[in-house]
Amino acid sequence: MIFSELVIAYGLPGLFLIALISSIIPIPTEPVIFTLLKIGENSEIILITLVIGSILGAFIGYLVGMYGLRKIVMFHSMQKERQIQLHFRKYGALYLLVSPWIPFVGDLAPMVAGRENYELKRFLIVISAAKLIKSIGIVYLSIEAIEWWAVFVK
């Protein structure tokens, strides 16, 4: 009950903040989306808010990887680092496309992309597509779950 009251109180700005943070650390956005839809918030606005917050959060994760992790995580050899960079350049788009669907580990993908100097333009295109697909899926499934639940509650 307290959770619902918090979601109602903070509404779309709260969803934006949670979407932003959840792209860096694992915080589920689904309960917030479900609650906002259930109280009658516009699904298109929810989708737009979720997508923008998620993409900005992933971009922050990329920057953390590029500037923060580079100082913390050092490889023992330049050859090993180069191998990892080549591997990520080859398969990075695939990793980034599926990463939003992988709990916990998926939140690290933007940081790894930044750490491995994955091309920023390519990163933004791929992560935007991935976040958009996931957001559409979550909003759609939430709408369907609410409608399905309404049939059984009546």
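The values are calculated or read from the model by the stated rules, or taken from the named source; none is laboratory data. Just so we're clear, the structure is a prediction, and the values are computed from it rather than from any experiment. Ideal geometry is used to build each Cβ from the backbone, glycine not excepted, and the neighbour counts take in all protein chains shown.
Worth pointing out:
- Single unsatisfied condition, VAL139 versus (1) over 24 Å from ILE84 (Cβ atoms); (2) out of contact with any Ser or Thr (no Cβ under 7 Å at 6 or more places or on another chain): (2)
- Of the residues ILE55, ILE48, the single one that is hydrophobic (A, V, I, L, M, F, W, C) and free of Cβ contacts under 8 Å to residues at least 40 places away in the same chain is ILE48.
- The stretch 24-38, residues that are among the β-branched types (Val, Ile, Thr) and assigned to a helix (DSSP H, G or I): VAL32, ILE33, THR35
- Qualifying residue in the stretch 128-148 (condition: under 11 Å from the mean Cα position of the chain (by Cα), of a type in the set (Val, Ile, Thr), at pLDDT 95 or above and within 27 Å of TYR10 (Cα to Cα)): yes
- Some residue of the stretch 110-120 being without any contact (Cβ under 8 Å) to a residue 40 or more places away in the chain and either of a type in the set (S, T, N, Q) or assigned to a helix (DSSP H, G or I) (or both): no
- Number of positions in the stretch 85-116 that are over 18 Å from PRO28 (Cα atoms) and surrounded by 14 or more Cβ atoms within 10 Å (Cβ to Cβ): 14
- Any hit, the stretch 48-68, residues being among the polar types (S, T, N, Q) and modelled with pLDDT of 90 or more: yes
- Within the stretch 35-53, the set of residues being farther than 12 Å from LEU12 by Cα and acidic (Asp, Glu) is empty.
- Positions within the stretch 118-154 being loosely packed, with under 14 Cβ neighbours inside 10 Å and not hydrophobic (A, V, I, L, M, F, W, C), in sequence order: GLU119, LYS121, GLY137, TYR140, GLU144, GLU147, LYS154
- Test result for ILE21, in a helix (DSSP H, G or I) and either closer than 19 Å to TRP148 by Cβ or more than 16 Å from the chain's Cα centre (by Cα) (or both): no
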